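Enquirer: If you scroll down you'll find the structure; I have some questions about it.
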Amino acid sequence: MNTSTPPTITFIGGGNMASAIVGGLLRQGHPAERLQIVEPWDEQRAKLALQFPGVTVLPQAGPALQPSGLVVWAVKPQTFKEAALTSQPHLVGALHLSVAAGITSESIAGWLQTQRIVRAMPNTPALVGLGMTGLFARTGANEADRALVEAVVRTTGELVWVQEEQQLDAVTALSGSGPAYVFYFLEAMRDAGARMGLPPEVAYQLAVGTFVGASTLAQRSDDPPQVLRERVTSKGGTTYAALTAMNEAGVKAKFEDALFAAQKRAEELGREFGK
């Protein structure tokens, strides 16, 4: 991050997503002494201390915390409320960024007694700097707050803002959970390749390379996906045979149903753990 006076950023929770953001910040030159992580699990805390020398790692929020310009809530939905209520007295005056699925900003505002809240829905490719994050800001978060959040999130990949908070449940279904769908299809392609006689590692290499190449082509092309698909589908050819089999099995419709199931579960998490 290129700022003259980098803010102190506190992470509540030190799992994969917190690690991805911390790593991105350090690579961008954010001073390690201006980063602090609250992680209650001894083993994970020791791992973080080794992984990020100079970053303060604490077992709980307390007087030892430096005043924070930004707090990143990287906790599971079911533990958010307890963590917020116990940590809030030590985090007064900060901007808050939540990466917890489902938990609404209204619930967070009540627990933390502030309106300066941004919700984010990142995904695990953030671990390699290729994440995709959806963002929503409450009206209490001003332009400077949004700019700070953008600077932090961009260290892990790309981002989009949504205008309505409920749209984050759709973001969760598409990109938040999306890497698992890709891995699911990679499994299927690897296993099918092996059944066809390829060594599994070769089949997997082919599958991964195909996803990377096709995604990069889609990213760089102005054409919609149906046009890109049609260009590799000759009637009566091998691709046509595969797509016909998928269409006859209703794969597209069932896949869309799966995304709606993920969206529904995100809504349920907010109701279940946001009280």
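Enquirer: Once amide H atoms are placed 1.01 Å from N in the peptide plane, what residues at a sequence separation of 5 or more from GLY134, or on another chain, have their amide H within under 5 Å of its amide H?
Expert: MET121, VAL160
Enquirer: Also: Between LEU50 and MET246, with labels modelled 7 Å along Cα→Cβ, what's the label distance in nm to one decimal, could you check?
Expert: 4.2
Enquirer: For segment 100-114, just list the computed ³J(HN,Hα) in residue order, Karplus coefficients 6.51, -1.76 and 1.60, θ = phi - 60°, integers in Hz, with x standing in for Gly and Pro.
Expert: Per residue, the Karplus-derived 3J(HN,Hα) values read 7, 5, x, 5, 6, 5, 5, 5, 4, 4, x, 6, 9, 6, 8 Hz.
Enquirer: Related question: Based on the Cβ-Cβ distance of ARG231 and ALA253, what FRET efficiency does E = 1/(1 + (r/R0)^6) give at R0 = 35 Å, to the nearest 0.05?
Expert: Details: r = 23 Å, r/R0 = 0.67.
It comes to 0.90.
Enquirer: Can you spot the aspartates and glutamates whose alpha carbon is less than 20 Å from LYS235's alpha carbon? Ignore those fewer than 8 places along the same chain.
Expert: GLU248
Enquirer: Also, quick follow-up: I need the GluC sites (Glu not before Pro) found in segment 99-176, filtered to DSSP loop residues with at most 14 other beta carbons within 10 Å of theirs. Don't skip to the answer; put the middle values down first.
Expert: Numbers: sites: GLU106, GLU143, GLU150, GLU158, GLU164, GLU165; in loops: GLU164, GLU165.
Passing sites in segment 99-176 are GLU164.
Enquirer: Say each of ALA261 and ASP223 gets a label point 7 Å from the Cα, pointing the same way as Cα to Cβ; how far apart are those two points in nm?
Expert: Distance between the two pseudo-spin positions: 3.3 nm.
Enquirer: Same structure, new question: Which pairs, out of LYS81/LYS254; LYS76/LYS264; LYS47/LYS264; LYS76/LYS252, put more than 24 Å between their alpha-carbon atoms?
Expert: On the way: LYS81/LYS254 35 Å; LYS76/LYS264 17 Å; LYS47/LYS264 35 Å; LYS76/LYS252 31 Å.
Those over the limit are LYS81/LYS254; LYS47/LYS264; LYS76/LYS252.
Enquirer: Mind checking the angle between helix 143-153 and the chain's longest principal axis? C-alpha axes, 0 to 90 degrees, to the nearest 10.
Expert: That helix lies at roughly 60 degrees to the long axis.
Enquirer: Another question, if that's okay. In whole Hz, with x marking every Gly and Pro, tabulate ³J(HN,Hα) for segment 28-34 from phi via Karplus 6.51 cos²θ - 1.76 cosθ + 1.60, θ = phi - 60°.
Expert: Listing the rounded values in order: 8, x, 5, x, 4, 5, 9 Hz.
Enquirer: Moving to a separate point now. With θ taken as phi - 60° and the coefficients 6.51, -1.76 and 1.60, list the Karplus ³J(HN,Hα) couplings across segment 221-228 in order, rounded to whole Hz; mark glycine and proline as x.
Expert: Working through the residues one at a time gives 9, 8, 7, x, x, 5, 5, 4 Hz.
Enquirer: Which aspartates and glutamates does LYS275 reach when only Cα atoms under 16 Å apart count, and residues fewer than 8 places away in its own chain are ignored?
Expert: GLU82, GLU106, GLU267
Enquirer: Can you give me the long-range amide H partners of LEU95? Hydrogens built in the peptide plane at 1.01 Å from N, cutoff under 5 Å, separation of 5 or more residues or another chain.
Expert: LEU70, VAL71
Enquirer: Using 0.36 nm per residue of separation minus the Cα-Cα distance, give me the extension gain between GLU164 and TYR181 in nm, one decimal.
Expert: Gain on extension, GLU164 to TYR181, equals 3.6 nm.
Enquirer: Let me ask something additional. Just one of (1) 139; (2) 155; (3) 121 is volume of the Cα convex hull per residue in Å³ as worked out from the coordinates here. Which one is it?
Expert: (2)
Enquirer: For helix 200-220, what angle does its Cα long axis make with the longest principal axis of the chain, in degrees from 0 to 90 and rounded to 10?
Expert: Taking Cα atoms only, the helix is inclined about 70 degrees.
No lab work stands behind these numbers, since they all come straight from the coordinates. It should be emphasised that the depicted structure is a prediction, and the values quoted were computed from it without experimental measurement. Neighbour counts run over all protein chains shown; Cβ positions are idealised from the backbone, glycine included.
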